[in-house]
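What follows is a set of notes on a single structure, which appears directly below.
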Amino acid sequence: MEIIELGTQEYLSTWQAMKDFTNARHETTDDQLWIVEHPHVFTQGIAGKPEHALNVGTIPIVKTDRGGQITYHGPGQLVVYCLIDLKRLGIGVKKIVSIIETSIIDLLNLYQIKAHLQSGAPGVYVNHAKIAALGLKVKQGKTYHGLSLNIDMDLQPFSQINPCGYQGLKVTQVQDLADNKVYFSKIAKQLTQLLTHHITRAQ
């Protein structure tokens, strides 16, 4: 598993890079986790309904090819793109989703934050407020897109949409729940280590 730190990158160019990587990879290509922050952007999944964009203002909306509805990305939010060969690992989509959710819950537990899942609503929650979203695209047994974890950001843009298609869904972030100051780079390292651990165990 390769960990690639991309810093701050525009969403559209990163999405194109994921597609290019997936199209070019072969049977022996290492899986990769990309760590990135995006400037302000709303992204709409394949089945996304336009009515969930309430008042987006000047923030652009990108219609993308992942699963799920509309969500927001912005500075202070950790995005980890999971470029994984599921066919080679011998696991299915439900398993990789479970691995991602488990890794996020384990990460939050390191900060004494008790997180949970909600039936029928992918992602990770704390006291029924969403702290992490996920959406994947699977092409010929290989995934791209991934997860977003709210760390220390302006949450206001989430009020301009129905997050992940749920009206009135509350959102939260690590910094508002942790006892001490949290650091983006440290959390990114911890989460990618947990993802690598759980993916390796699934083989």
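The residue that is surrounded by the fewest Cβ atoms within 10 Å (Cβ to Cβ), among those in the stretch 113-122 that are in contact with a helix residue (DSSP H, G or I) (Cβ under 9 Å, 6 or more places away or on another chain) and assigned to a loop (DSSP other than H, G, I, E, B), is 114. Looking only at the stretch 134-154, how many residues end up being open to solvent by less than 60 Å² (accessible area, probe 1.4 Å) and farther than 19 Å from residue 80 by Cβ? So the answer is 1. Residues in the stretch 103-120 that are hydrophobic (A, V, I, L, M, F, W, C) and under 23 Å from residue 202 (Cα atoms): 104, 105, 107, 108, 110, 115, 117. Taking the stretch 147-169 only, how many residues are at pLDDT 90 or above, in a helix (DSSP H, G or I) and not small (Gly, Ala, Ser)? Total satisfying the criteria: 4.
Here is a yes/no grid of residues against (1) at positive phi; (2) out of contact with any Cys (no Cβ under 8 Å at 6 or more places or on another chain); (3) part of a strand (DSSP E or B):
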{"position": "72", "(1), (2), (3)": "no, yes, yes"}
{"position": "98", "(1), (2), (3)": "no, yes, no"}
{"position": "124", "(1), (2), (3)": "no, yes, yes"}
{"position": "130", "(1), (2), (3)": "no, no, yes"}
{"position": "135", "(1), (2), (3)": "no, yes, yes"}
{"position": "145", "(1), (2), (3)": "yes, no, yes"}
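Residues that are over 24 Å from residue 29 (Cα atoms) and either surrounded by fewer than 21 Cβ atoms within 10 Å (Cβ to Cβ) or without any contact (Cβ under 8 Å) to a residue 60 or more places away in the chain (or both) do occur in the stretch 90-104.
Give the number of residues within the stretch 27-41 that are under 21 Å from residue 196 (Cβ atoms) and surrounded by fewer than 17 Cβ atoms within 10 Å (Cβ to Cβ).
4
Checking each residue in the stretch 42-52 for being of a type in the set (Val, Ile, Thr) and open to solvent by 10 Å² or more (accessible area, probe 1.4 Å) picks out only 46.
For the stretch 6-26, the set of residues classified as touching a Phe, Trp or Tyr at 6+ places or on another chain (Cβ under 8 Å) and open to solvent by 80 Å² or more (accessible area, probe 1.4 Å) is empty. Residues in the stretch 170-179 that are open to solvent by less than 60 Å² (accessible area, probe 1.4 Å) and either charged (D, E, K, R) or in a strand (DSSP E or B) (or both): 171 alone.
Residue count for the stretch 55-77 satisfying the condition of being touching a residue at least 24 places away in the same chain (Cβ under 8 Å) and loosely packed, with under 12 Cβ neighbours inside 10 Å: 2.
The values are calculated or read from the model by the stated rules, or taken from the named source; none is laboratory data. Owing to the predicted nature of the structure, the values given are computational and were not obtained by experimental measurement. Heads up, the Cβs are rebuilt from the backbone with ideal geometry, glycines too, and the neighbour counts pull from every protein chain shown. Each accessible area value is taken on the protein alone, full model and side chains, heavy atoms only, with ligands, DNA and RNA left out. Shrake-Rupley method; radii C 1.70, N 1.55, O 1.52, S 1.80 Å.
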